[in-house]
Each structure stands twice: as C-alpha cells, then as structure tokens.
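None of the figures in this text is laboratory data; all of them are computed from the coordinates on show. Remember, predicted model here, so these are calculated numbers, not experimental data. Here Cβ is always computed from backbone atoms with ideal geometry, including for glycine, and neighbour counts include all displayed protein chains.
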Amino acid sequence: MHPSIVPLAAIFRLNTQLLLNCLEGLDDDLAARRSPAWLNSIAFLVAHLTETRHYLATILGQPLPSPFSPSLARARSIDEAGPLPPIAALTACWEVISAHLAVILERVDTAQLNQAGPKMPGSEGTILGSLAFLAQHESYHLGQIALLRRAYGLPSMTYALPPREPGRRGA
C-alpha cells in the first residue's frame with residue numbers, strides 16, 4: 001500500500017466495521033425512523049455512505065455498479081431518495097463495496113494519487129485530497145448514525161473490532 005494512504009486506508013477499514021457495529025440490533029422500523037421529521041434516517045445515511053464508497057471506487061478508476069436505483073444513487077437528501085431498501089440489504093451492499101474499496105486502496109500508486117480529482121472541501125483537487133475528504137465525510141456521518149442509535153434507545157456503538165487476518169497491517 002502506498003505510504004501516503006496508509007492512515008486513510010486505516011480510517012476506511014475502521015469505518016467499515018464501525019458502521020456494522022452501529023447496525024447491530026437495528027431493525028427496519030428504527031432504521032427508517034425520522035424523529036423529528038427533518039432528520040435523516042439511519043437507512044438513508046447507510047445508503048448515502050454506501051453510494052459515496054461507490055463514487056470513491058469510480059474516482060479511483062475501479063467502478064462497481066451501484067446496487068441502488070438511479071434516484072437513490074443520485075439523492076443528496078432523504079426527500080430525493082424514494083423508498084429505501086431494508087437494513088439487511090443495505091448492510092450487504094456496504095460489505096460488498098467495502099471489500100472492493102479495500103482491494104483498490106492496496107493498489108493505488110503515486111501517479112494515481114497525484115492525478116487531478118474532484119475538488120472537494122479542504123482538498124487541493126487531487127485523488128489523494130479526495131480520499132482525505134471522503135474519509136472525513138464518512139466519519140462525520142458515522143457519528144450521526146451512532147447518535148441516532150442512542151437516541152432510539154439502543155446501546156452505544158462499540159469500537160469492538162474483529163481479529164485481523166495474519167500478515168495484515170493496521171487495526
């Protein structure tokens with residue numbers, strides 16, 4: 001893995017598991033809840049994060065077709081999203097794109113990181129800058145999901161991580 005993205009890949013890896021931890025004990029009713037009505041639902045946030053990882057795979061030149069309808073894939077708010085899949089389907093989609101992204105991040109090289117990428121807040125307009133912003137963006141929304149989880153009476157999200165495979169770096 002390129003040394004410049006080792007810490008970013010660690011954040012993406014951690015966020016993969018933290019989202020799964022946030023979904024523990026969550027049913028479709030709680031996932032779809034919007035209380036108060038102006039809040040995003042957990043289901044929408046999971047779909048948004050999943051779609052953002054699809055976008056990141058595209059930026060990195062290894063797109064994976066989105067599992068979502070075009071209206072959901074393009075949605076920037078819950079009101080644009082339309083019907084959301086059940087939480088089990090969202091979880092499965094998250095796991096597929098997360099595994100795909102992990103492989104892509106292993107293979108990124110210096111030339112690719114320095115290529116022009118989408119201009120994102122706080123970035124200089126390179127692929128590396130896009131990776132950094134999207135790691136922050138994902139962490140922000142994970143915090144929202146963790147807070148909603150607690151507000152709905154579920155236990156706090158845990159930082160429990162499964163054991164790493166032998167020979168792999170990182171947490």
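Taking only region 54-86 into account, find how many residues are farther than 22 Å from Ala102 by Cβ and of a type outside the set (Lys, Arg). Result for region 54-86: 15. Of the set (1) small (Gly, Ala, Ser); (2) under 12 Å from the mean Cα position of the chain (by Cα); (3) surrounded by fewer than 17 Cβ atoms within 10 Å (Cβ to Cβ), all apply to Ser156 but (2).
Residue under question is Ala102, and the condition is that it be surrounded by fewer than 17 Cβ atoms within 10 Å (Cβ to Cβ) and free of Cβ contacts under 8 Å to residues at least 60 places away in the same chain; does it hold?
Taking the combined requirement at face value, the residue does not satisfy it.
As a summary of the residue check, Asp28 satisfies the conditions (1) loosely packed, with under 15 Cβ neighbours inside 10 Å; (2) farther than 19 Å from Leu147 by Cβ; (3) over 14 Å from the mean Cα position of the chain (by Cα); (4) of a type in the set (D, E, K, R) except for the one numbered (1).
Of all residue pairs spaced 6 or more apart or on separate chains, those with beta-carbon atoms under 7 Å, a first member in region 1-15 that is within 13 Å of Val103 (Cα to Cα) and a second member that is among the charged types (D, E, K, R) are Met1/Glu106; His2/Asp109. Quick check on Ala89: is it within 23 Å of Leu131 (Cβ to Cβ) and aliphatic (A, V, I, L, M)? Spelling it out, it is not the case that Ala89 is within 23 Å of Leu131 (Cβ to Cβ) and aliphatic (A, V, I, L, M).
When restricted to residues that are touching a residue at least 60 places away in the same chain (Cβ under 8 Å) and within 19 Å of the chain's Cα centre (by Cα), region 108-131 contains 5. Counting only residues that are in a helix (DSSP H, G or I) and not acidic (Asp, Glu), which one in region 105-125 is surrounded by the most Cβ atoms within 10 Å (Cβ to Cβ)? Selected residue: Leu105.
For Ala47, the stated conditions hold: it is under 20 Å from Tyr152 (Cβ atoms) and either touching a residue at least 24 places away in the same chain (Cβ under 8 Å) or in a helix (DSSP H, G or I) (or both).
Among the residues of region 41-71, just one is surrounded by fewer than 21 Cβ atoms within 10 Å (Cβ to Cβ), hydrophobic (A, V, I, L, M, F, W, C) and more than 20 Å from Met120 (Cβ to Cβ), namely Leu64.
For region 72-91, the set of residues classified as surrounded by fewer than 17 Cβ atoms within 10 Å (Cβ to Cβ) and of a type in the set (Val, Ile, Thr) is empty. All of Leu72, Leu128 fail the test of being within 23 Å of Arg33 (Cβ to Cβ), in a helix (DSSP H, G or I) and of a type outside the set (Gly, Ala, Ser), apart from Leu72.
Among the numbered conditions (1) under 16 Å from Leu19 (Cβ atoms); (2) of a type in the set (A, V, I, L, M); (3) in contact (Cβ under 8 Å) with a residue 12 or more places away in the chain, the only one that Ala92 does not meet is (3).
So for region 120-142 (the condition being among the polar types (S, T, N, Q) and farther than 18 Å from Leu49 by Cβ), does at least one residue qualify? Yes, because at least one residue in region 120-142 is among the polar types (S, T, N, Q) and farther than 18 Å from Leu49 by Cβ.
When Thr52, Thr58 are checked against the criterion of being farther than 20 Å from Leu154 by Cα, over 12 Å from the mean Cα position of the chain (by Cα) and in a helix (DSSP H, G or I), Thr58 stands alone in meeting it.
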